[in-house]
Amino acid sequence: MAELVGTIASAITFAALVAHVGKSIVTLKECWHDIHNAPENLRALVRDIELFSLILDEIETDLQQQSLVSALGNSKHAAQSYRFCKEAAEDLDALCQELLEDLRPGGNRSAGGMFKKGKVERLVERLQKVMRLLLLSQQCYTRALIQVQPELIAQRIAQDMKPTVTQIEWSELSYTPVAYAERKEPRCLEPVSTLPNKSIKAQRSSYLWRLSLPSWITAQTFELAGTQARDGWKWDFRSYNEIREDSKTVQCVETGDLKGLQKLFASRQASPFDRVNTTGYTLLFYAHSANRAEIIKFLLQEGTDPGLQGQGKVEFNTALRHLVWTGNMFSRESRHLLPSMRLLCPSEEMIYETPEEVLGGILSDFHGSAEEFLFFQRQFCPTFYDMPQWVRIAVAARATSGIWDANHMPELVRTILGAKPWKPENLQLKTSWRWWTEMTLVHCIAMRIGGSRAALEKLQRMRRASTLKGGRGGTLEFEKEYQEALSLYEAWNALFRDLLLAGVDLHHVVGGMTPFLAFLGGFIYWWDFNGCAMGGWDIALQAWVTDIQTGGVDLQKFGQMEDQLWKKGLTERDVFWRRNWGWQRVIGFSHSQYPQDWTLWLSERSDDYSGEFWEMVEQPVTMIPGAWPDT
């Protein structure tokens, strides 16, 4: 074998072999014209062998590249290719010598240049053998070339991008252009002036370095992760393959196709360690998004790490945190998440014992049901209800600050808050979380009321339209949906009235908004988020002021105070940014002690065009568009 490997590594030797085959083919073609009874298949064999000589010429040209010769030096397939080619050359040479001997004067042939029938058949068989040997030689060479192709690509990249490769090999990964590093810090809690100043930061932080090459080179990614726990730093180095989010593997996980997923694993088309290339999510993220406990159980048994994080810059990027954060997103029906939670809970080893740990931990991202929150609270913070009340209120505010709503949310907030009485200074505690710079529980609940009122207003609009068309207001499913929306709106209002009874300030300005403007922001946001044409804000406003009036609010004084804050510029006039619209601005509102007298004026989309017109009027035009220039 060593001798053959050395032979194939020599381009000169292979060139001589190719020349030998070519010479034999020329001899064979010359003899062909002297064989008068040659069959047609013999002619085709000679032509095919001649074509293979051209392929051998291409191989000989390839082997003039020193990089390819070095790469093929230890290839057993390259050695086998040379062996087949050499055997074919020897057989072809022997065949040509025999033909020359038979065709010379006095040779072994009949008169008139005719060969015996058996002689021609043996000639065809020998040529077919040569053909098979040349074919095997070419196939072995192709297989050898495929095996060394990655090595050749790496050599070419090293030549073209030498400075970058050197930096990746010898410098720290955090400073290389292709590495990804981030440090995650929890958010701080900012109290209002009535509380002592304090800054809350979690004790836990993490680092992540990720190194990957272009997908056309390899789908493999290398990752170094460090997490600070109570007993010190924990470091993990791992590698995994990246897949597309629309791949068959992800589809099987999302649809709960356990048998299909098992087949993919068995055929090695997928593995439990695969991660999606755009997010870095493991398959567990897509299993719990569909709340499929059987898929989660199977993936955990196959070795998927539930503690792996995605590439997001927020703390809910582990499988369990993502599950509780999504909760019942975009679904009013409460999904039963406990089976999935029980499977993923062992992946979180933290026990929260201080307010700092609670506010930086998983409880602050919870959006499940009240029953599921109590399960989580017992798992991660047994002393939660023994902590100061402002901690529970901060957790409730963060749970309410999400962009979605569900029928169980008011009950969840009450469960988090715990027993009354609730102190107003704690209820008005300002906190920041995720994309919210400033918020309070009062403002968040006011936004939820606005959103639920918008959903109710849309259903009432659909009911009125159905009645005008001669219908009975909708089907049983529609009536069920309407009653659920009404119950959710009433539950949020009942919770807000309890806050009023606790003595909260209805004119507390946070982030340029009072609870009144927060209600409008939630109302507008719901229409924009659901892509619907907004309407009925006067009806919604009158319904809400009626509800707060039943809670003991003097509407006359309430309206006067809101009007003063608005006119003095102490509150924002731009309530919400709408897609394809711009800022929705409050132009003015009327108020009185009677709810039916309350009206609201919002900016129209054409207002921006009017502003542009008056700006053009105030700035004299030096030249009319299209006019001839002054000379």
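Rank these for me by crowding, Ile362, Ile351, Ile296, going from fewest to most other beta carbons within 10 Å.
Listing Ile362, Ile351, Ile296 from fewest to most nearby Cβ atoms yields Ile351, Ile362, Ile296.
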Within-14-Å neighbourhood charge of Asp257 [Cβ basis; K, R +1; D, E -1]: +2
Computed FRET value (nearest 0.05) for Gln65 with Met616, which takes r as the C-beta separation and R₀ as 51 Å: 0.15
Across Lys76/Lys248; Lys458/Lys480; Lys248/Lys480, pairs whose alpha-carbon gap is larger than 26 Å: Lys76/Lys248; Lys248/Lys480
Peptide ranges 366-376, 545-555 listed from the most packed, as the mean C-beta count within 10 angstrom indicates: 366-376, 545-555
Rough spin-label spacing in nm, given labels placed 7 Å along Cα→Cβ, for Asp91 and Glu438: 9.0 nm
Local electrostatic count, Ile243, Cβ distance below 11 Å [Lys/Arg +1, Asp/Glu -1]: -1
By average C-beta atoms within 10 angstrom, highest first, the peptides 265-276, 445-456: 445-456, 265-276
Spacing of the two label points (7 Å from each Cα toward its C-beta) at Gln560 and Glu411, in nm: 4.3 nm
Burial ranking of peptide ranges 352-359, 517-524 (average Cβ count within 10 Å, highest at the top): 517-524, 352-359
Integer Hz, Karplus 6.51/-1.76/1.60 couplings in order for segment 254-263, x for Gly and Pro: 5, 8, x, 7, 5, 5, x, 5, 5, 5
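Since every read-out is calculated from the coordinates, none of them should be taken as a lab result. Predicted model, so just to flag it, every value in this text is computed and none were measured. Using ideal geometry, Cβ is built from the backbone for each residue, glycine included, and neighbour counts are taken over all protein chains shown.
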